[in-house]
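All remarks here apply to the structure that follows.
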Amino acid sequence: MPNCLIDPLETALPIQAVREDAYKKWRDAQDGTVQSWLAATGFKGKGGDTALLPGDGGPSGAVYVIGGNDDRGGLWAWASLWDGLPGGCYHIDTELSATDAYDAALGFALASYRFERYRNPEDLEKEAANRPFLVWPEGCDRDSVRGAHGASVLVRDLINTPASDMGPAELAAAARELAEASGATYREVVGVDLIREDYPAVYAVGRGAEESRAPRLVEFTWGREDAPEVTLVGKGVTFDTGGLDIKSSSGMKLMKKDMGGAAHALGLASMVMAAKLDVRLRVIVAAVENSVSGTAMRPLDVIGTRKGLSVEIGNTDAEGRVILADALALASENQPDIILDFATLTGAARVALGSELPGLFCNDDGWADDILRAGVATADQMWRLPIYQPYKKQTKSKIADLRNDTDSSYGGAITAALFLQAFVGEGVSWAHVDLMGWNLSAQPGKPEGGEAMSMRAIFSVLAKRYGS
């Protein structure tokens, strides 16, 4: 629940929302006192700017200039409002469309996010007294805002939590809590039981961790059994040292976020269940810690997989695709309508697209087109990369069916997707999102740290296909 959004309050100060290209016309229509005040304070009326307006004995309200003349429009055009207001209660005194009302509420709410788990409660109480509150904009779909906000907070909180408190067991506990709160059926396979139940790849990657951080396969299902099946798969590497092919200290620094794919699968699942979409939802998370120890998998080991394909471990730091191999094979066994997997998988995707734009791989043009269009509409964009089959030969091993690395430094995101595709069932529609899951620096509505990417766009597609 976004506690920064409140019911109507008589004392709430009005905010006049003006689009950037209409600001000069609005300013010229104000009385001399307001015009003089804006000129004296040097207010420029650029997108994202906020100015308090003068009144008797204090501010009479505020003006907010809506930006959004670039790809960061939509809800992000409203996100600066939170930062521009002092503590107090406000309401938007401008007629908004339903879309703008939704964007204003969600942008404001996401901007209010702070990761506070380890903060001093007394400091938090002092800060809370100086935070702004916004009356729910008129015409806003509150349930949709709550669903998107709650899912985004879940993703951010899970990713921001350090590995000391977010190992495989804790990630599984988060999945179980979500499942039980929604009435889903939950199961979990832990440690050596992974071998007994035929998840050898998940076990191989996680076996180097201590017993308290044993690897596990988490699964829950929700919805009527004969509904179209949508399966979400998440990479849950709660910390990635690189294994015996150990990362540098700088490369390891952000690796608490390597479970970001699992966080996204859980976040999207929460939106689907909250909206009660008519689907048979299945969520699969492979949760491991990629550790350095005497029992860790070694370079050039050959391991088995649930699908029966053998994999030569060319690099122990390419572990995410290995655990996803078992998860995708399991996901394919029911021949679902679509499999959507999320993973902080390759640095190559970040080199190609930067940290803010996830890469989308999809074997179904219809799904891909819908997802890309929804990304633009929801200001949650992705960029489609090809599953270029001629590169498939690079994933072949001389002694096993596949290898988890290649001899080339080029096209790493594509060859990773091709490796994953080998474990997707024939004829199953499949989309793979290679994402960063992290804001390297703060932007309006996006604090530095864990971030939900692609989730709102994909939910929009699912809601159109399976909503009431």
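The values are calculated or read from the model by the stated rules, or taken from the named source; none is laboratory data. The structure presented is a predicted model; accordingly, all values stated were derived computationally and were not measured. Here Cβ is always computed from backbone atoms with ideal geometry, including for glycine, and neighbour counts include all displayed protein chains.
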- Sole miss for Asp141 among (1) without any contact (Cβ under 8 Å) to a residue 60 or more places away in the chain; (2) more than 30 Å from Phe108 (Cβ to Cβ) is condition (2)
- Message: Which of the numbered conditions does Gly411 fail, given that it passes all the others? Conditions: (1) buried (at least 18 other Cβ atoms within 10 Å of the Cβ); (2) closer than 22 Å to Asn160 by Cα.
- Response: (2)
- Message: Which residue is nearest to Tyr64 (Cα to Cα), if the candidates are limited to segment 426-468 and must be among the acidic types (Asp, Glu) and without any contact (Cβ under 8 Å) to a residue 40 or more places away in the chain?
- Response: Glu448
- Does Glu219 fit the bill of being over 19 Å from Gly304 (Cβ atoms) and surrounded by fewer than 19 Cβ atoms within 10 Å (Cβ to Cβ)? no
- Do we find that Trp37 is closer than 19 Å to Pro132 by Cβ and either assigned to a strand (DSSP E or B) or not assigned by TED's automatic domain parsing to the domain that holds Asp157 (or both) in this structure? no
- Message: Would you confirm, using the coordinates I've provided, whether Thr415 is at pLDDT 95 or above, out of contact with any strand residue (DSSP E or B) (no Cβ under 8 Å at 6 or more places or on another chain), β-branched (Val, Ile, Thr) and not in a helix (DSSP H, G or I)?
- Response: no
- Message: Kindly evaluate Val322 against the criterion of being touching a helix residue (DSSP H, G or I) at 6+ places or on another chain (Cβ under 9 Å) and either of a type in the set (D, E, K, R) or more than 20 Å from Glu219 (Cβ to Cβ) (or both).
- Response: no
- Query: Can you name every residue in segment 392-404 that is surrounded by fewer than 17 Cβ atoms within 10 Å (Cβ to Cβ) and assigned to a helix (DSSP H, G or I)?
  - Reply: Lys392, Lys393
- Message: Looking only at segment 29-52, how many residues end up being surrounded by fewer than 16 Cβ atoms within 10 Å (Cβ to Cβ) and within 32 Å of the chain's Cα centre (by Cα)?
- Response: 1
- Qualifying residue in segment 7-28 (condition: touching a Leu at 6+ places or on another chain (Cβ under 9 Å), surrounded by fewer than 16 Cβ atoms within 10 Å (Cβ to Cβ) and part of a loop (DSSP other than H, G, I, E, B)): no
- Item | Subset of segment 364-391 that is touching a strand residue (DSSP E or B) at 6+ places or on another chain (Cβ under 7 Å) and not in a loop (DSSP other than H, G, I, E, B) - its residue that is surrounded by the fewest Cβ atoms within 10 Å (Cβ to Cβ) | Trp383
- Message: Just to be sure before I move on: is Val135 of a type in the set (Val, Ile, Thr) and in contact with a Leu (Cβ under 8 Å, 6 or more places away or on another chain) in the structure I sent?
- Response: yes
- Those residues of segment 250-265 which are over 29 Å from Ile338 (Cβ atoms) and either part of a loop (DSSP other than H, G, I, E, B) or within 8 Å of the chain's Cα centre (by Cα) (or both) amount to Lys253, Leu254
- Item | Qualifying position, being within 30 Å of Ala79 (Cβ to Cβ), modelled with pLDDT of 95 or more and not assigned by TED's automatic domain parsing to the domain that holds Arg117, among Ala174, Ala201, Ala214, Ala209 | Ala174
